[in-house]
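What follows is a single structure, written as structure tokens, with notes after it.
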Amino acid sequence: MIIDIHTHVFPDKIAAEVLEHLSRQSRAKYFSDGTLNGLLDSMKKFGIDKSVVLPVATAPRQVEKINDYAAKMTEKFSDSGIIYFACIHPDFENYRTELKRVKSLGLQGIKIHPIYQGVNLDDEKFLKIFYCAAELDLTVITHAGLDIGFPGVVGCSPKMARHVIEEIGDFKFVLAHMGGWKNWDEVEIELADKNIFMDTAFSVGTIPARSDFVWNAEDLKLLNAEEFMKLYKIFGADKILFGTDSPWDSPATAIDFIKNLPISETDKNKILGLNAEKILKLR
């Protein structure tokens, strides 16, 4: 089974506009049309059994509406392998009530994005949310590291992630982009002794760049196999989850990268799906 723990979709009416805006902002090309149907088509084409859709609330007023929609869509498309996470915003006042409601709706976790939401990962506003999520056994997936669309902005560094874990203790905490996008040296230093999960989304190979922008070849580089293996040896296969950041990376390239690693078939299967199965309580 292949489970993509990290995908995004946009409403059909605005998907093309939003995707093009984000693509030009990041200078990265996309691999589907950014709609739910586009994701489903991609899953079928590349043999992905389940995909987790991660919504982000950029304003507190969006939270309840997004979470209602997430519950409805998970129920409607569960047979197609679609699983929505909930969202929360650090400035949402009734976060405890909302997280309890998220749990009652049957959603497995929440997605946050400190850079989009304008609050650092280890700020007290997020820490109180993490305490509550841990109590409710909700998985927290956060953007981690730098962001391709916001050069130089640091809102979720490995050091901040370390502070979170030291404050909260062990909980189901997934640091996207292999623990910290373009911060991978710091991931090794700050998080090697911490019980965290990480996903592979938009972290391996090279950035799929738009042809209408000029890139420095060095800036296009993500983790190569040797660099990935270094993190694998530090954290172990049990802590790594497969993700594509769809529509921002090619599923074929992302899957082939894992399948071609010099590791056991057992560990490949853990990364590609078995670890996510446990977190998502699918078995």
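Side notes on the structure shown:
- Listing of helices (runs of 4 or more DSSP H) fully contained in segment 102-218 that carry 3 or more residues being open to solvent by 30 Å² or more (accessible area, probe 1.4 Å): 124-135, 158-168, 184-191
- Of all residues in segment 231-250, those satisfying the criterion of being touching a residue at least 40 places away in the same chain (Cβ under 8 Å), open to solvent by 20 Å² or more (accessible area, probe 1.4 Å) and either closer than 20 Å to P262 by Cβ or among the basic types (K, R) (or both) are I234, F235, K239.
- All positions within segment 85-100 that are open to solvent by less than 10 Å² (accessible area, probe 1.4 Å) and either more than 19 Å from L40 (Cα to Cα) or not in a loop (DSSP other than H, G, I, E, B) (or both): A86, C87, I88, H89, P90, E98, L99
- Scanning segment 56-66 for residues that are open to solvent by less than 20 Å² (accessible area, probe 1.4 Å) and either within 20 Å of A276 (Cβ to Cβ) or part of a loop (DSSP other than H, G, I, E, B) (or both) gives A57, A59.
- Pairs with Cβ under 8 Å, 6+ apart, first in segment 56-83 and in contact (Cβ under 8 Å) with a residue 24 or more places away in the chain, second of a type in the set (S, T, Y) and part of a helix (DSSP H, G or I): V56/Y116; T58/Y116; I82/T74; I83/T74
- Consider segment 26-55 and keep the residues that are outside any loop (DSSP other than H, G, I, E, B) and open to solvent by 70 Å² or more (accessible area, probe 1.4 Å). The one that is farthest from T74 (Cα to Cα) is K45.
- Every residue from segment 1-25 that is open to solvent by 70 Å² or more (accessible area, probe 1.4 Å) and assigned to a loop (DSSP other than H, G, I, E, B): M1, P11, D12, K13, I14
- Filter result (closer than 15 Å to A176 by Cβ and aromatic (F, W, Y)) within segment 229-283: F235, F242, W248
- Of the residues in segment 67-77, not one is in a loop (DSSP other than H, G, I, E, B), over 17 Å from the mean Cα position of the chain (by Cα) and surrounded by fewer than 16 Cβ atoms within 10 Å (Cβ to Cβ).
The values are calculated or read from the model by the stated rules, or taken from the named source; none is laboratory data. The model shown is predicted, which means the values in this text are computed figures rather than measured ones. Neighbour counts run over all protein chains shown; Cβ positions are idealised from the backbone, glycine included. Remember, those area values only see protein heavy atoms, side chains included, never the ligands or the DNA or RNA. Shrake-Rupley method; radii C 1.70, N 1.55, O 1.52, S 1.80 Å.
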